[in-house]
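Enquirer: This is the structure I have questions about; it appears just below.
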Amino acid sequence: MEVGNGFSDNAKNDLLLVEQAKSGNERAFASLMNRYRDSIYFMLLKMVNNASDAEDLTIEAFGKAFRNLDSFTPDFAFSTWLFKIATNNCIDFIRKKQLSPAPWDQSQEDIDILTVNIQSDLPDPEEALINDQKSAVLREIVSQLKPRYRSLIELRYFREFSYEEIASELKLPIGTVKAQLYRAKTLLYNIFIKTGNR
């Protein structure tokens, strides 16, 4: 992968991590997630104005990005591509929920990120889940969770079940599903961090 001369040092480092991640390096995945998790989360929080939804959307954005790394090309910085995925996924979420996005003040950098035209040709999430081998790396990390938490993460993010569908599948109240899923997400983040600092 050729690195663009106009890229910042951080962007160049990202591209090296992307190459390592494509080879299945879990530490590279964790490093990319740790670097952009907070900025993605707070951008999404401004858009949906709900902490729980923003957390879900953050994990979904990274999941989709990691599963589709093979479609990433270094014509743009990885961060630009990642923010575009997160934004598009959030817009889809808002449309499905028929929510009105909360107004937020965009900096010029935000506007540039959101308006840049990226030819990513991402496959449908379902197709990506089945065909893209990168999901195997995520599954390996998820497998470190306790069984009940692992099931929740797999249903929510690998099979894309709604809260209601998870509750029906596991025969649990929706409130319990949300509480346990929140705990599962926290544990998953911690595993990413430990993997990245290993």
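The values are calculated or read from the model by the stated rules, or taken from the named source; none is laboratory data. Not measured: the values here are computed from a predicted model. Here Cβ is always computed from backbone atoms with ideal geometry, including for glycine, and neighbour counts include all displayed protein chains.
Enquirer: Tally time: how many residues in the stretch 67-100 are surrounded by 15 or more Cβ atoms within 10 Å (Cβ to Cβ), farther than 17 Å from ASP56 by Cα and of a type outside the set (A, V, I, L, M, F, W, C)?
Expert: So the count comes out to 5.
Enquirer: Condition (residue is closer than 23 Å to GLU154 by Cβ and within 15 Å of the chain's Cα centre (by Cα)) applied to the stretch 2-18: is it met by at least one residue?
Expert: No, every residue in the stretch 2-18 fails to be closer than 23 Å to GLU154 by Cβ and within 15 Å of the chain's Cα centre (by Cα).
Enquirer: Which count do you get for residues in the stretch 39-60 that are over 24 Å from PHE158 (Cβ atoms) and either modelled with pLDDT under 85 or not in a helix (DSSP H, G or I) (or both)?
Expert: So the count comes out to 1.
Enquirer: Please specify each residue of the stretch 61-95 satisfying the condition of being closer than 21 Å to PHE29 by Cβ and not in a helix (DSSP H, G or I).
Expert: Those that are closer than 21 Å to PHE29 by Cβ and not in a helix (DSSP H, G or I): ASN68, PHE72, THR73, PRO74, PHE76, ALA77.
Enquirer: Starting from the stretch 6-35, keep only residues that are over 15 Å from ALA61 (Cβ atoms), then list their pairs with residues that are assigned to a loop (DSSP other than H, G, I, E, B) and at pLDDT 80 or above whose Cβ atoms are within a distance under 7 Å, requiring at least 6 positions of separation or different chains.
Expert: Pairs found: PHE7/ALA77; ALA11/ALA77; ASP14/ALA77; LEU15/PRO74; VAL18/PHE72.
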